[in-house]
Amino acid sequence: MYIGSRHNAADHLITAIRHGFAYAVVDCPLIIADGLKGNDYQEVSIDGGHFKSVRIARGITDADAMVVLTHVKGHALAGFGGAIKNLAMGCAPPVGKRDQHQGMQAEVNESLCEGCGYCETQCPFSAIHVEDKAVIDRSICYGCSACLQVCPRHAIYFNWERDVPRFLERMAEYSLGAVQGFKRKILYISFLTDITPDCDCVTWSDSPIVPDIGFLASADPVAIDTAALDIINQERGLTGSSLQCHHEPGEDKFTGVWGYVDGSYILEYAEKIGLGTRSYTLVEI
């Protein structure tokens, strides 16, 4: 879906190896689940408010069991990225990722736009052209937020109250489709280390917003994400990070970075549609 080296299985494998996921290191084969060109998927029926079926990579639907390894971090559109987001985006082919983003519409604040063209170069759908100001073709914009994240003047924005809840609900429903057929044969492991403010898919990184904590394991994606969010919020925020506020223990760290997104919304919706429960008990090892 995005510009980069993950458009096809060959480039994706090369990228994975360069990041340390070679067979000699992990001692298991690496399989790109949606096929050579990202179009090998299966329609999975669900009973959601947005989808009655979702498109899940065939390598996922063919599997007998699954271990979901997640690096918990912030995210510009979701507030934070945990196991639910990992299921939704990680198990979907490119067309499924677009399904989830569809409906979000980027807007341009012309009073801030300087016409620098960064957004045009980063748009994976060629939906932006720049004359004096950036202009977005809404008929082909998928709301991926690539433009928003590179704009140096913060001139691109979404209607957060309208678009973000819909995006989070679509992700939760895709997660529900991803776990269908496993009959609870899924283990979730979430790493609460290097908790950076933005998604791992962006082309830059930033300082962690809280100290390293450890890792969590669960059989429930909603419970593990709820626990992760609670534990992170109990930490004192690190100075010199992207945290603009909410440094004190008990304050929501991710809204301290992305103030317009409440990451807990997806947990409520995921519980509502039967993906899991927000109730959990911590057992320290």
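The values are calculated or read from the model by the stated rules, or taken from the named source; none is laboratory data. Because the structure is a prediction, the values reported are computed rather than measured. Cβ atoms come from the backbone with ideal geometry, glycine included; neighbour counts cover every protein chain shown.
Looking across 68, 54, one residue alone is closer than 18 Å to residue 188 by Cβ, under 20 Å from the mean Cα position of the chain (by Cα) and buried (at least 18 other Cβ atoms within 10 Å of the Cβ). It is 68.
Among the criteria (1) surrounded by 15 or more Cβ atoms within 10 Å (Cβ to Cβ); (2) touching a residue at least 24 places away in the same chain (Cβ under 8 Å), the one residue 95 does not fulfil is (1).
Here's the yes/no breakdown for (1) in contact (Cβ under 8 Å) with a residue 40 or more places away in the chain; (2) outside the structural domain of residue 218 (by TED's automatic domain parsing); (3) of a type in the set (Ser, Thr, Tyr):
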{"residue": "115", "(1), (2), (3)": "no, yes, no"}
{"residue": "119", "(1), (2), (3)": "no, yes, no"}
{"residue": "136", "(1), (2), (3)": "no, yes, no"}
{"residue": "139", "(1), (2), (3)": "no, yes, yes"}
{"residue": "146", "(1), (2), (3)": "yes, yes, no"}
{"residue": "168", "(1), (2), (3)": "yes, no, no"}
{"residue": "176", "(1), (2), (3)": "yes, no, no"}
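For segment 233-279, which positions are of a type in the set (A, V, I, L, M, F, W, C) and either without any contact (Cβ under 8 Å) to a residue 60 or more places away in the chain or part of a loop (DSSP other than H, G, I, E, B) (or both)? 238, 243, 245, 254, 257, 258, 261, 273, 275 - these are the residues of segment 233-279 that are of a type in the set (A, V, I, L, M, F, W, C) and either without any contact (Cβ under 8 Å) to a residue 60 or more places away in the chain or part of a loop (DSSP other than H, G, I, E, B) (or both).
Each residue in segment 88-116 was checked for being within 22 Å of residue 41 (Cα to Cα), of a type in the set (A, V, I, L, M, F, W, C) and part of a loop (DSSP other than H, G, I, E, B), and 2 pass. Among the residues of segment 236-280, those identified as of a type in the set (Gly, Ala, Ser) and in contact with a helix residue (DSSP H, G or I) (Cβ under 9 Å, 6 or more places away or on another chain) are 250, 263, 264, 270, 274, 276, 279. Look at (1) farther than 22 Å from residue 182 by Cα; (2) assigned to a loop (DSSP other than H, G, I, E, B) and you find that residue 119 fails only one, number (2).
Filtering 181, 259, 250, 214 for residues that are at pLDDT below 95, surrounded by fewer than 19 Cβ atoms within 10 Å (Cβ to Cβ), among the small types (Gly, Ala, Ser) and more than 25 Å from residue 44 (Cβ to Cβ) leaves a single hit, 259. Of all residues in segment 146-191, those being small (Gly, Ala, Ser) and either out of contact with any strand residue (DSSP E or B) (no Cβ under 9 Å at 6 or more places or on another chain) or part of a helix (DSSP H, G or I) (or both) number 5.
Pull up segment 124-178, narrow it to residues that are in contact with an Asp or Glu (Cβ under 9 Å, 6 or more places away or on another chain) and polar (S, T, N, Q), then point me to the one that is surrounded by the most Cβ atoms within 10 Å (Cβ to Cβ). Filtering segment 124-178 for residues that are in contact with an Asp or Glu (Cβ under 9 Å, 6 or more places away or on another chain) and polar (S, T, N, Q), the one surrounded by the most Cβ atoms within 10 Å (Cβ to Cβ) comes out as 149.
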